[in-house]
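The block underneath contains the structure these notes are about, expressed in structure tokens.
The values are calculated or read from the model by the stated rules, or taken from the named source; none is laboratory data. Source: prediction; values computed, not measured. So basically every Cβ, Gly included, is an ideal-geometry build from the backbone, and we count neighbours across all protein chains shown. What goes into the accessible areas is simple: the full protein's heavy atoms, side chains included, and nothing from ligands, DNA or RNA. Shrake-Rupley method; radii C 1.70, N 1.55, O 1.52, S 1.80 Å.
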Amino acid sequence: MTPWVMEKQCSVIYTHEIFSKFQEQLVVARDHCIIQGISETEDMKIVTISSQSGKERVVEMNKLNMFGMCSCKFYESFGIPCRHIIQVLRGEKLNEIPPIYFMKRWDIRCKRKLFFDKEGNLLDEKAKDPVEVAMGRKISDSRNKFEELIQMAKNSEQGMEFLYSSLSNLVEPLQNIVPAATVNKQDEFESFLGGKIPQEVEIHPPNDINSRGRCKRIKKSKENKAPRKRMCGKCKQLVSHDARNCPLNVAG
């Protein structure tokens, strides 16, 4: 994207994803970042950078190792130099990014040093079998190579079609070299469950328990109270009935 040496330098150091982010910062530094002012102390150089958005950022650059810290905090967040630091390095006539900026976790070579077993599990460095290590190294290198091919072809429809057709042509020859392993269904289930499946299973009747039925209705608070006594107009007594249902009515 640019003829700058630092872009080519980072293309062989960073992983594909991180290099893509670095390229974005590089292009913005080239097109939009302008040095507005420079002040110096004995050990530090303080550079003010303006951009198209109108915001100003301040980069404090150590003169001894050329390591800069920017007020945008991009390096602290992502671990790669921001557009402002890149512009300051360019102003210092540095064609390459100083090694101090490169974090090991973003180094593409760091991925290729990992060893895997045949199942794709990461091998313990203290308990490595030479044969397993050799096979794991080939698996790791194959994955990295496949990732590189995808990154190379992903922006081209013709390139992706060529990559897909080439991989499809490898299926049949590979099946002839490595026959597909037939896996018994029981073995597959036992592998999933982590134990042997018993041939016979004894099912015992459940223990006697109280069956669930209709529960007893809970009476309301009014139902639990004793009936209130009143003066009956018929028998002239303090009772729980009134003149309408007085026993004297029946007798009469």
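Could you please let me know if Thr48 is closer than 30 Å to Ala153 by Cα, open to solvent by less than 80 Å² (accessible area, probe 1.4 Å) and touching a residue at least 12 places away in the same chain (Cβ under 8 Å)?
Criteria not met by Thr48.
Please work out which residue is farthest from Lys8 (Cα to Cα), limiting yourself to the stretch 40-95 and to residues that are assigned to a loop (DSSP other than H, G, I, E, B) and small (Gly, Ala, Ser).
Per the stated criteria, the residue is Gly54.
Restricted to the stretch 12-57, and to residues that are under 33 Å from the mean Cα position of the chain (by Cα) and among the aliphatic types (A, V, I, L, M), which residue is nearest to Gly79 (Cα to Cα)?
Of everything passing the filter in the stretch 12-57, Ile18 is nearest to Gly79 (Cα to Cα).
Looking at the structure I just gave you, is Val12 among the aliphatic types (A, V, I, L, M) and either open to solvent by 30 Å² or more (accessible area, probe 1.4 Å) or in contact with a Pro (Cβ under 7 Å, 6 or more places away or on another chain) (or both)?
Yes, satisfied.
Please tell me if Phe22 is open to solvent by less than 30 Å² (accessible area, probe 1.4 Å), touching a Pro at 6+ places or on another chain (Cβ under 8 Å) and on the phi < 0 side of the Ramachandran plot.
yes
Can you name the residue in the stretch 27-58 that is of a type in the set (A, V, I, L, M, F, W, C) and in contact with an Asp or Glu (Cβ under 6 Å, 6 or more places away or on another chain) and is also modelled with the lowest pLDDT among such residues?
Met44
What's the number of the condition Met103 fails, among (1) among the aliphatic types (A, V, I, L, M); (2) modelled with pLDDT of 65 or more; (3) loosely packed, with under 10 Cβ neighbours inside 10 Å?
Unmet condition: (3).
What are the pairs, 6+ residues apart or on separate chains, where a residue within the stretch 229-245 that is free of Cβ contacts under 8 Å to residues at least 60 places away in the same chain and open to solvent by less than 100 Å² (accessible area, probe 1.4 Å) has its Cβ under 7 Å from a residue that is in a strand (DSSP E or B) and basic (Lys, Arg)?
Asp242/Arg230
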